[in-house]
Amino acid sequence: MHDPTDVTNGGSAVGEWLSGTGPESDIVMSTRIRLARNVSEFPFLTRIEERQKSELEKFLRDKLEKAQLGERVLYKNLNSTSSIDRQCLVERHLISKDHASGEGDRGVALGEKETLSVMVNEEDHLRVQVLRSGFQPDVAWQQISKIDRLLEGELNFAFSPQFGYLTACPTNVGTGMRVSVMLHLPALVMTKQIEKVFHAVTKINLAVRGFYGEGTQASGDFYQISNQVTLGKSEEDVLKTVADHVPQIIAFERNVREKLVSENRVGLEDRVWRAFGMLERARLITSEETMDYLSAVRMGVNLGLIDKIPIGTVNELFILTQPAHLQKLEGRELETPERDETRADFIRRKLASLN
């Protein structure tokens, strides 16, 4: 199977969640479900000794490599992985920033299509994650529920009949489940209606986060919407909350896009094609500029205003132009000015290859 940190082939082997083939994928980049789990034989990571942490990592690594999780798994010990490789995994949404910057023995098991990652020794002993293209909470749940049952057959999870699954952070106690939907909302940002979404979702105990989740800012007009409450809620309750409310946001964004096309098509086309022109011709381009231009192009592709670039390629560029991926492609560390030049060159070559 391919290694997500090996991008020397130009990054062609990207995850299924970037394909742009799932339901509602014009608005929804991906659906993620994450389960927090701890094994009862070891202390929580907030109280564990370094020796025990190493024993736990080896114990869980052995279990994950032998488990039949539905697809081949590659395991990486992050303590012996370079900082750039760890950052590549963050940029691909396969591990968290905290996991990348952590200390001591910790790791991640990665499925061959990058729909599955299992973080070992992050905040909890295990963070099981499934990522799928578009809006697919039910499909993601079926996949992760099966994996959870398989792991539960091999491991004794810390569980309370009264409270449910026990976790390091009290906010995850109960199901230990987070359902997160990555939404692309450029029209709501352009028309300054995005605050309406923020106000509405917080009333129903949903959280809004940036492109890389908790503690990150919105980038490229992407926002992650996820549940906040796990205790006292069943998995079905959490899924229903997301299934009931995210489609309303999708419809809101889609209606605003259609209004923009009908009322000012030329202005919208100008915005989209200017962004494409900058990507196609720029010699220096920052990460922030790239995200903004790609956001406009992505909307243009999905509205049929531009047909020169497949949506899957646009989605991939959001990831492949991030700093660690560029440094992996170059095979060396790059200072910011060098990254801006390398990024611009990479985008020009990628777009030229489509002609």
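The values are calculated or read from the model by the stated rules, or taken from the named source; none is laboratory data. Note that the coordinates shown come from a computational prediction; the quantities given were computed from them, not determined experimentally. Backbone-built Cβ (ideal geometry, glycine too); neighbour counts: all protein chains shown.
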*From the list GLU289, GLU341, which residue is surrounded by fewer than 19 Cβ atoms within 10 Å (Cβ to Cβ) and in contact with a helix residue (DSSP H, G or I) (Cβ under 9 Å, 6 or more places away or on another chain)?*
GLU289
*Identify, please: which residue in the stretch 68-85 is within 20 Å of the chain's Cα centre (by Cα) and of a type outside the set (Val, Ile, Thr) and is, among those, nearest to GLN322 (Cα to Cα)?*
ASP85
*Inside the stretch 125-151, can you point out the residues that are small (Gly, Ala, Ser) and within 17 Å of the chain's Cα centre (by Cα)?*
SER133, GLY134, ALA140
*Restricting attention to the stretch 64-102, report how many residues are out of contact with any Gly (no Cβ under 9 Å at 6 or more places or on another chain), under 24 Å from LEU155 (Cα atoms) and surrounded by fewer than 17 Cβ atoms within 10 Å (Cβ to Cβ).*
3
*Determine whether LEU151 is outside any loop (DSSP other than H, G, I, E, B) and not charged (D, E, K, R).*
yes
_Residue, farthest from GLY70 (Cα to Cα), within the stretch 97-127, restricted to residues that are of a type in the set (Asp, Glu) and in contact with a helix residue (DSSP H, G or I) (Cβ under 6 Å, 6 or more places away or on another chain)_ = ASP105
*asked:* Being over 12 Å from LEU284 (Cβ atoms) and of a type in the set (A, V, I, L, M) is the filter here; which residues of the stretch 320-355 pass it?
replied: LEU320, ALA324, LEU326, LEU329, LEU334, LEU351, ALA352, LEU354
_On the basis of being part of a loop (DSSP other than H, G, I, E, B), modelled with pLDDT of 95 or more and within 20 Å of the chain's Cα centre (by Cα), does LEU35 make the cut?_
no
*Tell me which of these LYS308 doesn't satisfy, since it passes every other one: (1) in contact (Cβ under 8 Å) with a residue 12 or more places away in the chain; (2) crowded, with 16+ Cβ neighbours inside 10 Å.*
(2)
_Here is a check on your reading of the model: is GLN327 more than 23 Å from THR21 (Cα to Cα), at pLDDT 95 or above and among the polar types (S, T, N, Q)?_
yes
*Qualifying positions in the stretch 163-201 - over 21 Å from the mean Cα position of the chain (by Cα) and at positive phi*: GLY164, GLY174, LYS192
*asked:* The conditions are (1) touching a strand residue (DSSP E or B) at 6+ places or on another chain (Cβ under 8 Å); (2) assigned by TED's automatic domain parsing to the domain that holds GLY102, and GLY153 fails exactly one of them. Which is it?
replied: (1)
*Does any residue in the stretch 288-303 that is under 20 Å from ARG339 (Cα atoms) come within less than 7 Å, Cβ to Cβ, of a residue that is of a type in the set (Ser, Thr, Tyr) and not in a helix (DSSP H, G or I) six or more places away or on a different chain, and which pairs are these?*
THR290/THR321; MET291/SER219
*Counting just the residues of the stretch 104-115 that are closer than 17 Å to CYS88 by Cβ and in contact (Cβ under 8 Å) with a residue 40 or more places away in the chain, which one comes out surrounded by the most Cβ atoms within 10 Å (Cβ to Cβ)?*
LEU110
*Test: residue in the stretch 49-67 that is in a loop (DSSP other than H, G, I, E, B), among the acidic types (Asp, Glu) and either in the same structural domain as LEU166 (by TED's automatic domain parsing) or within 26 Å of the chain's Cα centre (by Cα) (or both)*: yes
